[in-house]
Amino acid sequence: MLPSFNSSTTGGKMHRHGYSNGHTSYSLRPSRSDFEPHQFQPRSHNSLRRRRQLIYRLGILCLCLPVLLWFFPSLRTYILSTVTLGGLFSSSEDFQLETVRYYDLSNVQGTARGWEREERILLCAPLRDAAPHLPMFFSHLRNLTYPHKLIDLAFLVGDSKDNTITLLTELLESLQHDKDPNMWYGEISIMEKDFGQTVNQDVESRHGFAAQASRRKSMAQARNWLLSAALRPTHSWVYWRDVDVETAPFTILEDLMRHNKDVIVPNVWRPLPDWLGGEQPYDLNSWQESETALALADTLDEDAVIVEGYAEYATWRPHLAYLRDPYGDPDMEMEIDGVGGVSILAKARVFRQGVHFPAFSFEKHAETEGFGKMAKRMKFSVVGLPHYTIWHLYEPSVDDIRHMEDMERERKDKEEKEREERERMERIKEQFDDPASQWDKDKNDIKDMATKEYLESEGQQQDGQHKDEHEQPEADREQEQVPAPAPAQAQAPEKKEGEGEKKPSEEEKKSGEGEKKAEV
Amino acid sequence: MSPSPRSLRRTNPISVVLALLLAVGFIYFIFSEPSDGAASNQIRDATKSAANALSPPSLPFRKPKDDEELVATPVVHYMMSNLTNSAEAEAKQETVLILTPLARFYQEYWDNLLSLSYPHELISLGFILPKGKDGNTATQLLQEQVAKTQSGSKSKRFASITILRQDTESPLQTQSEHERHKLENQKARRAAMSKARNSLLFTTLGPRTSWVLWLDSDIIETPPTLIQDLAAHDKPVIVPNCFQRFYNKELGRMDVRPYDFNSWVDSPTAQAMGEKMGKDDILLEGYPEMATYRTLMAYMVEPDGDTTKEVQLDGVGGTALLVKADVHRDGAMFPPFAFYHLIETEGFAKMASRLGWKSWGLPNYFVFHYNE
């Protein structure tokens, strides 16, 4: 079919042609029949039928689609997605989940200035019945100066009998919903795994010698589970931190990172009550290997575990903890072989290449000490900072508690005794008249008498009396003061302040009484 | 007049109905496959995918959109106590992580991987490739196949794929079979291999992985039910026998021969040799200058023997090796140093046994190695 405008432009010629040839031209060119210009012709049945068929088919399709969608609901999402996203390949791929990831591990080696290169840190904390320490731990988290969005948090909560999980979730949620986006951390995972450990977590059984080997092995297992589930190809560093650290610098991550070592630990001490000396080395697991210890290791059987800080194994190793000088250079480094687990910063590649916390006896050590040993075995640098100290929470041991109870009892007994003494003195005071006023009166009398005597004698011996005039009152004053300070000094070191002040006045009274009696 | 309208006018209403039914059936056929995929995608959405790109690599994640508002990442709980690794792996929907240190890409390896009948949506893949020219070529070939598979039929797609490039130096430039197997090269080569394996393992092992299948890139033929068959034994560490197909000139036909000699039962001779060695020396298998008299699984084959026969082993090979994820989580890794004079996969078996996990072998169950 030719377009209609085409036929109209050549209209004149065809007109004439039509007139002259009549039906001949019509039959010769049947395709032009519809365009007979001088005659109305309704649309052919043919095209009308075609259109009706089209509508018919469309109708069937429209009916089919809902039926299909009715029977296969999953189709709806498919169609919806293609329709809303334009149905193009690119946008439908957007809708899909991302399943392929590519990482180059040489980009996550860990450098001295990780915060500038946006290096990610995995912060691992194994927890068990740790609810009491969590608020303190989270205040530390909030204060860390390393960019929070570069830190991924991973917790393993196992065999907890308290509300560790609920409290942890609550604190994490509030941290992630903080108004300040700088507070938000990266990926946060809580692994819940019960190993069915029977070892008690209280201080005494935790640190008892007999329980050490199996306790260290199960701790190691928990640490390995946590790390293997949380370590990603994006991590450059791994930081292990116990939740019961009481005081640590906010910049600890940067401070440790600056040394650019494979494994690095600070010195860990703990504050103590005054009667125990004020402070004490806490983490004895960071040490340098000694010949004695190596010889000892050879005598032990395959599954034995050497633990530090117990008389059973005298290793004579130099401990990081004992080398602390409060005024020493905090950047000073010391090569060590065993590491303590309170606060370890390690490059992620150490863990990637297979170093872990042996849950078996590895070269006669387990857990963090075995970790240090294994890292050394794989030629990584393991370093401790003797003068950079963080402070572990002081939890009194059973002995300490017993001792403190004794002290408390002693204090109460002493107070009781003092109270009785005071009551006795009260009673004495009530029985006798108050001697003070009598004493004052007597003193004044003596003074008056002395003045009289003096005035009387003045006229007779005026020349030789100048010296006496000055000396006499001074001697008087001294006599009054002497009893006061002497007993106070003698008793101060033993007695409390309140008593120290009270006692001398009693002494004074006593001596006053004595004097009075003597005078009487 | 065209013939079609005429024929339609004449057609029986029954044939119209039949044609309609056919059309519905046809449309259903077209859409049915994606509809399955959509359904499994919904499962993934609900339980397995993570909302952010920081998710474990063994899980797919949703790409962040450019205009998306900055929100804090959610707190995610992983119930690792509920994680199982049992004999009924498929029925319990246990996830499998297939790990492959890949130096050369073989198309046969990929085809074999695709033919595994374990549900692919429960399988995550992890690859580690060395740096350098060979590594680049292999990465390119791998990525082509990955792209094809992950955008192809949804039932063939894997849950997630992680491709890592190694950060450790490969001590040998050449990967030729002859050079690789020289005794003096073995220790350095296997130490580097151990580091690659460990790097791959510890970065891809997710909190929801139940099983880890180590499959070397030159394993080109396994039964399609490999995972189900090995898992059915419910052993912490289990290894099939690795053989190689070759053309036997004497017989004039294709034949098989043992390939992997690292699966063995220890011998007193080997123990005594170990005691005399230095701390960093290693014992190796399959070298005449170092006769250990260990019982090798490669020679335990019984013709037409029971494929489910189990043997307890002291050393395992890593060409194909199914491990319960718990074994790795407890710390069993591939020692890159002499561990009881053993290294890599053999050292792994030793370390697993120190942790209380026993290794087993299937002498009559075969996988086949590529023949160069």
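Put simply, of A:Ser236, A:Ser228 the only residue that is modelled with pLDDT of 90 or more, outside any loop (DSSP other than H, G, I, E, B) and surrounded by fewer than 23 Cβ atoms within 10 Å (Cβ to Cβ) is A:Ser236. Screening the stretch A:395-509 for helices (runs of 4 or more DSSP H) wholly inside it with 1 or more residues that are modelled with pLDDT of 85 or more and under 59 Å from the mean Cα position of the chain (by Cα) returns the ranges A:398-431. Cβ separations smaller than 6 Å between residues 6+ apart or across chains give the following pairs from the stretch A:49-60 residues that are within 11 Å of chain B (Cβ to nearest Cβ) to residues that are in a helix (DSSP H, G or I) and surrounded by 10 or more Cβ atoms within 10 Å (Cβ to Cβ): A:Arg49/B:Pro5.
A count restricted to the stretch B:149-186 and to residues that are within 21 Å of B:Gly132 (Cβ to Cβ), outside any strand (DSSP E or B) and at pLDDT 85 or above stands at 1.
Within the stretch A:291-309, can one find any residue that is touching a Leu at 6+ places or on another chain (Cβ under 9 Å), in a strand (DSSP E or B), away from every other protein chain (no Cβ under 14 Å) and not small (Gly, Ala, Ser)? No, that holds for no residue. If only residues of the stretch A:315-350 that are in contact with a helix residue (DSSP H, G or I) (Cβ under 7 Å, 6 or more places away or on another chain) and farther than 27 Å from A:Leu393 by Cβ are counted, the one that is farthest from the other protein chains (Cβ to nearest Cβ) is A:Trp316. One residue alone among A:Ser218, A:Ser236 is in the same structural domain as A:Asp337 (by TED's automatic domain parsing), within 24 Å of A:Lys364 (Cβ to Cβ) and of a type in the set (Ser, Thr, Tyr), and that residue is A:Ser218. Filter the stretch B:200-221 down to the residues that are among the charged types (D, E, K, R) and under 13 Å from the mean Cα position of the chain (by Cα), then identify the one that is farthest from the other protein chains (Cβ to nearest Cβ). Residue satisfying both the conditions and the ranking: B:Glu221. Within the stretch A:353-384, restricting attention to residues that are out of contact with any strand residue (DSSP E or B) (no Cβ under 9 Å at 6 or more places or on another chain) and basic (Lys, Arg), which residue is farthest from the other protein chains (Cβ to nearest Cβ)? My answer is A:Lys364.
Every residue, every condition in (1) assigned by TED's automatic domain parsing to the domain that holds A:Ala211; (2) touching a strand residue (DSSP E or B) at 6+ places or on another chain (Cβ under 7 Å); (3) surrounded by fewer than 22 Cβ atoms within 10 Å (Cβ to Cβ), yes or no:
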| residue | (1), (2), (3) |
| --- | --- |
| A:Val305 | yes, yes, no |
| A:Glu308 | yes, yes, yes |
| A:Tyr313 | yes, no, yes |
| A:Pro318 | yes, yes, yes |
| A:Asp325 | yes, yes, yes |
| A:Ile336 | yes, yes, no |
| A:Gly341 | yes, yes, no |
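If the condition is being surrounded by fewer than 24 Cβ atoms within 10 Å (Cβ to Cβ) and under 19 Å from the mean Cα position of the chain (by Cα), then the stretch B:334-361 contributes only B:Trp360. In summary, B:Arg197 fulfils each of the numbered conditions (1) out of contact with any Leu (no Cβ under 9 Å at 6 or more places or on another chain); (2) at the interface with another protein chain (Cβ under 9 Å from one of its Cβ atoms) with the single exception of condition (1).
Please go through the stretch B:211-263 and pick out each residue that is assigned to a strand (DSSP E or B) and of a type outside the set (A, V, I, L, M, F, W, C). Of everything in the stretch B:211-263, those that are assigned to a strand (DSSP E or B) and of a type outside the set (A, V, I, L, M, F, W, C) turn out to be B:Glu221, B:Pro240, B:Asn241, B:Gln244, B:Arg245, B:Tyr247, B:Asn248, B:Arg253, B:Asp255, B:Arg257, B:Pro258. In the stretch A:323-334, the count of residues that are in a loop (DSSP other than H, G, I, E, B) and closer than 30 Å to A:Leu300 by Cα is zero.
Before we move on, is B:Glu372 of a type outside the set (A, V, I, L, M), out of contact with any Cys (no Cβ under 8 Å at 6 or more places or on another chain), at pLDDT below 90 and not in a loop (DSSP other than H, G, I, E, B)? Taking the combined requirement at face value, the residue does not satisfy it. Does B:Lys235 satisfy being in contact (Cβ under 8 Å) with a residue 40 or more places away in the chain, within 14 Å of another protein chain (Cβ to nearest Cβ) and either in contact with a strand residue (DSSP E or B) (Cβ under 7 Å, 6 or more places away or on another chain) or crowded, with 22+ Cβ neighbours inside 10 Å (or both)? For B:Lys235, the condition - in contact (Cβ under 8 Å) with a residue 40 or more places away in the chain, within 14 Å of another protein chain (Cβ to nearest Cβ) and either in contact with a strand residue (DSSP E or B) (Cβ under 7 Å, 6 or more places away or on another chain) or crowded, with 22+ Cβ neighbours inside 10 Å (or both) - is not met.
Within the stretch A:152-171, the set of residues being in contact (Cβ under 8 Å) with a residue 12 or more places away in the chain and either of a type in the set (A, V, I, L, M) or surrounded by fewer than 16 Cβ atoms within 10 Å (Cβ to Cβ) (or both) comprises A:Leu153, A:Ala154, A:Leu156, A:Val157, A:Lys161, A:Asp162, A:Asn163, A:Ile165, A:Leu167, A:Leu168, A:Leu171.
Within the stretch B:264-292, if we keep just the residues that are in a helix (DSSP H, G or I) and surrounded by 17 or more Cβ atoms within 10 Å (Cβ to Cβ), the residue that is farthest from the chain's Cα centre (by Cα) turns out to be B:Met273. Number of residues in the stretch A:279-326 that are among the aromatic types (Phe, Trp, Tyr) and touching a Ser or Thr at 6+ places or on another chain (Cβ under 9 Å) equals 2. All conditions in (1) surrounded by fewer than 23 Cβ atoms within 10 Å (Cβ to Cβ); (2) at pLDDT 90 or above hold for A:Thr198, with the sole exception of (2). Note on the stretch B:112-155: residues that are surrounded by fewer than 16 Cβ atoms within 10 Å (Cβ to Cβ) and charged (D, E, K, R) total 3. Taking first residues from the stretch A:226-240 that are at the interface with another protein chain (Cβ under 7 Å from one of its Cβ atoms) and without any contact (Cβ under 8 Å) to a residue 60 or more places away in the chain and partners that are assigned to a strand (DSSP E or B) and among the polar types (S, T, N, Q), no Cβ contact under 9 Å between residues at least 6 apart in sequence or on separate chains turns up.
Residues in the stretch B:74-113 that are of a type in the set (S, T, N, Q) and in contact with a helix residue (DSSP H, G or I) (Cβ under 7 Å, 6 or more places away or on another chain): B:Asn85, B:Gln93, B:Thr95. Tallying residues that are under 25 Å from A:Lys379 (Cβ atoms) and within 13 Å of chain A (Cβ to nearest Cβ) within the stretch B:305-328 yields 1.
In the stretch B:293-308, how many are under 14 Å from B:Pro240 (Cα atoms) and either assigned to a strand (DSSP E or B) or of a type in the set (Lys, Arg) (or both)? Total meeting the criteria: 1. For the stretch A:116-128, the tally of residues that are over 15 Å from A:Arg352 (Cα atoms) and more than 15 Å from the chain's Cα centre (by Cα) stands at 4.
The values are calculated or read from the model by the stated rules, or taken from the named source; none is laboratory data. Please read these numbers as outputs of a predicted model, since none were measured by experiment. All Cβ positions, glycine included, derive from the backbone under ideal geometry; neighbour counts span all protein chains shown.
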